[in-house]
Amino acid sequence: MDWDNLRYFLELARSGTLMSAARRLEVDHTTVARRIQSLEKEVGAPLFSREAGGHRLTEAGRRLQPQVEAMESAFQAVESTAPASQEGLSGLVRIGATEGFGTVVLAPQLALFALQHPKLTIDLLAMPRLVHLSRREADIVISLERPARGPVVVTKLTDYTLRLYASRQYLAAHKPIKTREDLRGHTFISYVDDLLFSKELQYLDELHRPDAFALRSTSVLAQHRAVVAGAGIAVLPAFIAEKDSALKPVLRGQANFTRTFWMSMPAETKHLVRMQAVWNFLREAAEAQQSLLLPQNAEKSEDPVGAPQRPLRPRKPAL
């Protein structure tokens, strides 16, 4: 039985669609379909039922999956101890993260890390939605909620602060805001309620239910730009807003929120050298950026917009 056919089977079983499996395997979706057809001929039974939303395992497929996963784990264990794996990090690691954290905090640090390891490819999925580890959309996922179940390794990555912000232009043109009651009548910018991917994003429910919204968006970066333009008030991560001299915190000390980023990866891949290295690096990156993620209540810095952060110097990971 061809191991490559089994490998394609496993990716399709996890992702559920030919296109997703093809992206993971870096091949055309027709190649995945051809491999599955070949395996089904070898097994003598259909392994997937073709449905409108994708491919679902049949009973024969469900019986085969744990056996193939055991083969995969054995192969990965052999691969990680091979001499070539000790010469340097190589291969692909795909990281899923929230849009703001991935773009502002992780992207510059991961780019520097990748430069230190030319054979390693980093895919950063910085998206305004949940990236699913169970569907193998990513190898490591940084999320706002702790995974509730499944064979995964999970750690608390970091807490971070959010505050209520407005532009200096907006504050100069509107009545002063000294208490929560003063928020009445002001215009807000926020998320689209029915498209929230996490209950952790429901900040305004804890603070004030606005009378009017200038803009609602699934993108926190879009919200940030709207606030800078003077369109209204918004709750923004401090790691995005604190370095922007166009913005000022509103009700500092009264309108602060704390949320947590959780990091997870499949238990079956935790022994891979590249996974351990990237996992350790992400923890170091978060630790190095604590002053940005959890700023104190001192007066906001007057650094110019876009002032560069001090980059984390890549170090050899503790494996």
The summed charge of the residue 202 Cβ neighbourhood (under 15 Å; Lys/Arg +1, Asp/Glu -1) stands at -2
Report the charge-dipole magnitude of region 66-196 in Debye, nearest 20, computed about the Cα centre from +1 at each Lys and Arg Cβ and -1 at each Asp and Glu Cβ.
700 debye
Magnitude of the Cβ-charge dipole (Lys and Arg +1, Asp and Glu -1) of region 1-64 about the Cα centre, nearest 20 debye, reported as 160 debye
What nm distance separates the two modelled labels at residue 111 and residue 169, each placed 7 Å from Cα along Cα→Cβ?
2.7 nm
For residue 245 and residue 27, what does the FRET efficiency come to when R0 = 41 Å and r is the distance between their Cβ atoms, rounded to the nearest 0.05?
0.30
Ordering 59, 242 by accessible area with a probe of 1.4 Å, largest first, what comes out?
59, 242
How much accessible surface does residue 153 have with a 1.4 Å probe, in Å² rounded to 10?
40 Å²
Need the list of aspartates and glutamates near residue 248 for cross-linking: C-alpha distance under 15 angstrom, and skip anything on the same chain fewer than eight residues off.
299, 302, 303
Cα centre as origin, Lys/Arg/Asp/Glu Cβ charges: the chain dipole, Debye
460 debye
Hey, if we sort 205, 159 by accessible area with the 1.4 Å probe, largest down, what's the order?
205, 159
Ranked order, 199, 178, 248 - accessible area, probe 1.4 Å, largest first
178, 199, 248
Place a point 7 Å from the Cα of residue 51 in the direction of its beta carbon; the residues of region 135-161 whose amide N falls under 18 Å from it are 135-136
With the cut-off at 38 Å, report for the chain the share of all Cα pairs above it, as a whole percent.
27 percent
Explain nothing, just the number: relative contact order of the chain, from Cα pairs under 8 Å at least 6 residues apart, as a whole percent.
20 percent
According to a simple spin-label model (label point 7 Å from Cα along Cα-to-Cβ), what is the distance in nm between residue 178 and residue 71?
7.4 nm
Figure the gain on full extension for residue 155 and residue 218 (residue separation times 0.36 nm, minus the Cα-Cα span) and round it to one decimal in nm.
20.0 nm
Note the full-extension length gain between residue 17 and residue 257 as 0.36 nm times their separation in residues minus their Cα-Cα distance, in nm to one decimal.
82.6 nm
Kindly flag which residue pairs out of 119/243; 178/243; 41/119 have an alpha-carbon separation exceeding 32 Å in this structure.
119/243; 41/119
Using a 1.4 Å probe on heavy atoms of the protein chains only, the accessible area for residue 129 in Å², nearest 10, reads 90 Å²
Stokes-Einstein, Kirkwood over Cα pairs, region 175-247, 10 °C, 1.306 mPa s; D in µm²/s equals 124 µm²/s
I'd like the accessible area for residue 64, computed on protein heavy atoms only with a 1.4 Å probe and all protein chains in place. Round to 10 Å², please.
30 Å²
Antiparallel as a % of all DSSP beta bridges within the chain, to the nearest 5?
60 percent
Could you compute the FRET efficiency for residue 287 and residue 4, with r as their C-beta to C-beta distance and R0 at 51 Å, rounded to 0.05?
0.80
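The values are calculated or read from the model by the stated rules, or taken from the named source; none is laboratory data. Remember, it's a predicted structure, so these values are computed and weren't measured experimentally. Here Cβ is always computed from backbone atoms with ideal geometry, including for glycine, and neighbour counts include all displayed protein chains. Ligands, DNA and RNA are excluded from the accessible area calculation, which covers all protein heavy atoms including side chains. Shrake-Rupley method; radii C 1.70, N 1.55, O 1.52, S 1.80 Å.
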